[in-house]
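A quick write-up on the structure given underneath.
The values are calculated or read from the model by the stated rules, or taken from the named source; none is laboratory data. Please read these numbers as outputs of a predicted model, since none were measured by experiment. In this analysis, Cβ positions are derived from the backbone assuming ideal geometry, glycine residues included, and neighbour counts consider all displayed protein chains.
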Amino acid sequence: MRVAALALVLASACAPHQPAELSWEFHARPTRGEVRVLPVLGLHQAPQLRLDGYVGDTVPWRREALRRERTEQLAAVPQQLALYLPGAVNGELGTASEAAFRPGRFPLGGRDRLTSALKGRGDLDVALSSVARGMHGEAVLFTWITGLHGEPLTAEAFPGDIVETEVGPVVVDHAQEPYRVTAGVGMALVSTDGEVVIRYADQFEAVLSGRRGASGVGRDLASALAHEVAMVWPCDPRLHYGEPQQFALR
């Protein structure tokens, strides 16, 4: 489904501006130089502690302690995702990109304007443009989380069973207390003159466990998002010299 959507993006690169309610936006405008990375916006509800088991409505106290730990780790995932995203994008683009990512801060009132638009109380592209316009550097990188859910796999199967997830099979283990993590993630690259170069949102999945904590899950989600946007990230050097707007899938 994502590949088809990206193909549609590429086919529409020179088409009129798309409505803001679409989950993607792409314009063949290259960015080089400094890209300011703003703090992640969390529009999701705080993760809730799950104490139900596969058999029965509660779990023993030792497993309850693990469930509490997983819930705390889940709450830390958005910050970890935002931390790893610039590096993941650079890793996907390699030498094709000349962007240098630097930490940035929201201008006065910018966080509230963007949050309101992401909640449907305004045009998202207009809000992105207004926040980015006039900031230092050539572009601004935005990241937001619209949903974050964690499901304990020990509530779905017996110990030793194998549960299929989007990232592969996972063995149910009471000692590891693995969680299926589902996150609705969005990002946007906006030039500092206000043009929305890329806007993309999708849902991704990862697994949280004793072996892979919040840092690992954040890295996995960032890598999955970077892999998607790298296919439409405009970094062909010919775009700087007025060449026809062409872009090839990696």
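Summary of values
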| item | result |
| --- | --- |
| Residue that is modelled with the highest pLDDT, among those in region 42-91 that are hydroxyl-bearing (Ser, Thr, Tyr) and out of contact with any Gly (no Cβ under 6 Å at 6 or more places or on another chain) | 71 |
| First in region 66-92 and among the acidic types (Asp, Glu), second anywhere and part of a helix (DSSP H, G or I), Cβ under 7 Å, 6 or more apart | 92/226; 92/227; 92/230 |
| Qualifying residue in region 70-91 (condition: assigned to a loop (DSSP other than H, G, I, E, B) and either among the hydroxyl-bearing types (Ser, Thr, Tyr) or over 17 Å from the mean Cα position of the chain (by Cα) (or both)) | no |
| Matching option when the condition is of a type in the set (Phe, Trp, Tyr), at pLDDT below 95 and not in a loop (DSSP other than H, G, I, E, B), among 142, 101 | 101 |
| Checking residue 177 against (1) surrounded by 15 or more Cβ atoms within 10 Å (Cβ to Cβ); (2) more than 23 Å from residue 31 (Cα to Cα); (3) of a type in the set (D, E, K, R); (4) out of contact with any helix residue (DSSP H, G or I) (no Cβ under 6 Å at 6 or more places or on another chain), the condition it does not meet | (4) |
